[in-house]
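Taking it in order: structure first as structure tokens, then the write-up.
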Amino acid sequence: MEGYFKKRYNSFKFALQGLNSAVRSEPHMRLHLLSALGVIVAGLLFDVTKLEWCLLAGSIGLVLTAEIFNTAIETLTNLVSPQHNPLAGKTKDLAAAAVLVAAITAAIVGLLIFIPYIQDLVNAK
């Protein structure tokens with residue numbers, strides 16, 4: 001049983017190393033984290049509902065996950081195709097497009113949630 005827990009611990013440790021690598025090496029990942037922090041602060045200030053928190057958390061997770069997959073795909077593509085290759089470029093473009101779609105989706109969710117709160121704040125003045 002000890003080997004089982006050691007393997008789980010190592011898996012978790014490697015995953016955290018991957019997350020750390022993405023944050024350190026990818027400027028967009030840092031931008032996404034900064035945006036997530038802004039969304040969390042706004043959620044706290046506006047006292048959003050539990051359902052809205054779920055939607056915001058899901059959107060944040062979607063974008064961060066897409067960025068990590070994008071980084072992994074770009075890294076692997078660079079490894080297997082260090083020279084310029086149209087298919088390698090297409091692969092990278094598709095991975096980046098996934099992040100863009102996730103970010104646009106998250107922005108729409110954020111707007112749908114926060115615009116009514118902002119309108120209420122403006123109307124209260």
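So, LYS50, is that one free of Cβ contacts under 8 Å to residues at least 40 places away in the same chain and either surrounded by 14 or more Cβ atoms within 10 Å (Cβ to Cβ) or acidic (Asp, Glu) (or both) or not?
Details: free of Cβ contacts under 8 Å to residues at least 40 places away in the same chain: yes; either surrounded by 14 or more Cβ atoms within 10 Å (Cβ to Cβ) or acidic (Asp, Glu) (or both): no.
Here the answer is no, as LYS50 does not meet what is asked.
When both residues are 6+ apart or on different chains and their Cβ atoms are under 6 Å apart, which pairs have a first residue that lies in the stretch 86-98 and is within 20 Å of LEU62 (Cα to Cα) and free of Cβ contacts under 8 Å to residues at least 60 places away in the same chain, and a second that is open to solvent by less than 60 Å² (accessible area, probe 1.4 Å) and hydrophobic (A, V, I, L, M, F, W, C)?
Taking only residues 6 or more apart or on different chains, the pairs are ALA98/ALA66.
I'm trying to understand the selection: among the residues of the stretch 1-59, which are within 26 Å of VAL122 (Cβ to Cβ), over 16 Å from the mean Cα position of the chain (by Cα) and part of a helix (DSSP H, G or I)?
Answer for the stretch 1-59, where residues must be within 26 Å of VAL122 (Cβ to Cβ), over 16 Å from the mean Cα position of the chain (by Cα) and part of a helix (DSSP H, G or I): VAL41, ALA42, GLY43, LEU44, LEU45, PHE46, LYS50, LEU51, GLU52.
I'd like to verify a number: residues in the stretch 7-45 that are open to solvent by 100 Å² or more (accessible area, probe 1.4 Å), out of contact with any helix residue (DSSP H, G or I) (no Cβ under 7 Å at 6 or more places or on another chain) and among the basic types (Lys, Arg), how many?
3
Would you point out which residue out of LEU64, LEU87, LEU100, LEU94 is under 22 Å from VAL23 (Cβ atoms) and either open to solvent by 90 Å² or more (accessible area, probe 1.4 Å) or assigned to a loop (DSSP other than H, G, I, E, B) (or both)? Outline the logic, then answer.
Working: LEU64 fails: either open to solvent by 90 Å² or more (accessible area, probe 1.4 Å) or assigned to a loop (DSSP other than H, G, I, E, B) (or both); LEU87 fails: under 22 Å from VAL23 (Cβ atoms); LEU94 fails: under 22 Å from VAL23 (Cβ atoms).
Going through LEU64, LEU87, LEU100, LEU94 in turn, the sole match is LEU100.
The values are calculated or read from the model by the stated rules, or taken from the named source; none is laboratory data. No experiment lies behind these values; they were computed from the predicted model shown. Here the Cβ is made from the backbone with ideal geometry for all residues, glycine too, and neighbour counts use every protein chain on show. Accessible surface is based on the protein model in full, side chains and every heavy atom, while ligands, DNA and RNA are left aside. Shrake-Rupley method; radii C 1.70, N 1.55, O 1.52, S 1.80 Å.
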